[in-house]
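Below is one structure; the comments refer to it alone.
The values are calculated or read from the model by the stated rules, or taken from the named source; none is laboratory data. Values in this document were obtained by computation on a predicted structure and should not be read as measured data. Cβ coordinates were reconstructed from backbone atoms using ideal geometry, including for glycine residues, and neighbour counts include every protein chain displayed. Protein only, heavy atoms only, side chains kept; ligands, DNA and RNA dropped before computing areas. Shrake-Rupley method; radii C 1.70, N 1.55, O 1.52, S 1.80 Å.
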Amino acid sequence: DTAGKVIKCKAAVIWEKSAPFSIEEIEVATPKAHEVRIKIIATGICRSDDHAVEGKLSNVKFPIILGHEAVGIVESNGENVKHIKPGDRVIPLFVPQCGQCMCCKDSRSNICIAAKLKKSVGVMSDGTTRFTCRGKQIYHFVNTSTFTEYTVVEEMAVTKIDSGASLDNTCLIGCGFSTGYGSALNTAKVHPGSTCAIFGLGGIGLAVIMGCKIAGAGRIIGVDVNPDKFNIAKELGATECINPKDYDKPVAQVILEQTGGGVDYAFECVGHIETMLAALNSSHFAYGTTVIVGVSAPESTITFDPMILLSGRTLKGSVFGGWKSKDSVPQLVSDSMAKKFDLEKLVTHRLPLDKINEGFDLLHSGKSIRTILLV
Ligand code: APR
Ligand code: ZN
Ligand code: ZN
């Protein structure tokens, strides 16, 4: 029985910006009040973890344990944890839901500001971390830190899921799948018969396609500079695919011509300014909605003629697909178990945690959609 004791276990630590993952033995402290210690079973590799390694995210301090898309089992609780008990299957929530803050209480938002009010990033509410390695304090990542056998999170940043949920690809509900799927259903609110364009056919863009399909979109246009992604996009619901490199004119113009004036919904799932503008320019002048899902480089700015919006276009974005995390994740897991969508379609590789650097090599090469690390 490990409850009440410090746990020594394996974790992938990033010691400094741009360094590779280093497999280390770490100590995981006991959870304090309102905290939960979790045994991580499976965790996906997401582009945002890579942005963090490269120092492209503002909320990151080194040394750190990254990872934010996971499924696991509760090992023990700190005091005053109300809705979760040891043995429960859970998904950590990088967008928490405290239920008390002004955004949590507002049905229009899923951004909980409780976590943002901390004085310092990478630490728990009391200002300290629960990880140490070689005598050094190791920072946490976006309320989660899942590239480890054990982690500690706040109760507001974890949700219980069905006791029969798979402890494998269910991890994708913790980020990639839900982000894309919700962008279509919650943020854009895709309507039956509509035309959609998805820029970037990685894990996020493919999950957007799954959402557009379920919403009953009539045309789903996948856009990617890597045509290797077209088969899977079509399998998931894309009705056609466009490679911008096949044309001498801007891809937005190609889409305007092929749709007779622009799409109802355009989604940017790359994280580049150029594709954000291309998405906006491919949306219908009178009623097109563009949703930014990709995360751009820090301090990037976007420039466009404001008249482009005046005729009726909408430009918006969302984090975690607009889902209020604690409320929605259990339902998404149940929907997955009921085969409403197939998470396995997004999984191309599985590796043990020790081979995490290989997993990131696959991400960089464009060969993987999602790699799941089995911890
Ligand atoms: N036009 C169209 N597609 C492009 C372009 C471009 N100019 N440049 C790159 N792409 C494609 C890539 O070929 C790849 O298939 O975009 C896709 C991006 O996929 P991934 O790298 O797998 O990224 P993903 O995990 O899907 O995340 C996309 O969302 O959450 C954010 O941080 C994440 O910004 C990233 C974005
Ligand atoms: Zn809140
Ligand atoms: Zn992610």
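Considering all C-alpha pairs of the range 1-113, those separated by over 20 Å amount to 54%. Multiplying the residue separation of N231 and K56 by 0.36 nm and subtracting their alpha-carbon distance yields 59.9 nm.
Sites listed here are trypsin sites (Lys or Arg not before Pro) in the range 41-106 whose DSSP assignment is loop and whose Cβ has at most 11 other Cβ atoms within 10 Å: K82, K105. For a test of the definition: using alpha carbon positions, the gyration tensor, and the 1.5 limit on a/c, classify the range 198-303 as rounded, prolate or oblate. The shape class here is rounded. For the chain, modelled as a GNM whose springs connect Cα atoms under 10 angstrom apart, the maximal fluctuation among I84, I204, I65 occurs at I84. Per residue, the average separation of C-alpha pairs within less than 8 Å and at least 6 apart gives the chain a relative contact order of 18 percent. Using only the Cα atoms of the range 231-375, build the gyration tensor, take square roots of its eigenvalues as a ≥ b ≥ c, and label the shape rounded, prolate or oblate: rounded if a/c is under 1.5, else prolate if a/b is larger than b/c, else oblate. Prolate, because a/c is 1.5 or more and a/b exceeds b/c.
Note on the range 27-89: the alpha carbon radius of gyration divided by the globular reference 2.2 N^0.38 Å gives 1.32.
For the peptides 144-153, 239-248, 259-268, 289-298, the ranking by mean Cβ contacts within 10 Å, running from highest to lowest, is 144-153, 259-268, 289-298, 239-248. Based on alpha carbons, the Rg and Dmax found for the chain are 20.5, 65 Å.
So what is the accessible area of the range 21-128 per residue, in Å², with the probe set to 1.4 Å?
Accessible surface, normalised per residue, equals 44 Å².
Okay, which of the range 56-99 sit inside 17 Å, backbone N to the point 7 Å along the Cα-Cβ direction of S163? In the range 56-99, the label zone of S163 (backbone N under 17 Å from the point 7 Å along Cα→Cβ) covers 72-76, 83-91. Put a dot 7 Å past the Cα of K249, heading toward its Cβ, do the same for I84, and the two dots end up 5.3 nm apart. Considering only the chain, what is the antiparallel percent among its DSSP beta bridges, to the nearest 5? Beta bridges within the chain, antiparallel portion: roughly 55 percent.
Given a 1.4 Å probe and every protein chain left where it sits, what share in percent of the accessible area of the range 209-278 is carbon and sulfur? Using a 1.4 Å probe with all protein chains present, the range 209-278 comes out at 49 percent carbon and sulfur. In loop segments of the range 1-66 as defined by DSSP, the GluC sites (Glu not before Pro) with at most 14 further C-beta atoms inside 10 Å of their C-beta are E16, E54.
Among rounded, prolate and oblate, which fits the range 173-232 when a ≥ b ≥ c are the square roots of the eigenvalues of its C-alpha gyration tensor, a/c under 1.5 means rounded, and a/b larger than b/c means prolate? Judged from the Cα gyration tensor, the range 173-232 comes out oblate (a/c at least 1.5, b/c at or above a/b). Each Cα pair under 8 Å and six or more residues apart adds its separation to the average, and for the range 1-128 the resulting relative contact order is 21 percent. With a Förster radius of 30 Å applied to the C-beta separation of A19 and K339, the computed FRET efficiency comes to 0.15. Summary value for the range 259-375: 18 percent relative contact order, contacts being C-alpha pairs under 8 angstrom separated by 6+ residues.
Peptide packing: for 329-340, 352-363, the average count of neighbouring Cβ atoms within 10 Å per residue gives the ranking 352-363, 329-340, highest mean first. Taking the helices alone, the chain has a mean residue ellipticity at 222 nm of -6000 deg cm²/dmol, built from -39,500 (n - 2.57) per DSSP H run of at least 4 residues and averaged over all its residues. You can think of it this way: the chain between K367 and D106 has 89.9 nm of extra reach, that is 0.36 nm per residue less the Cα-Cα gap.
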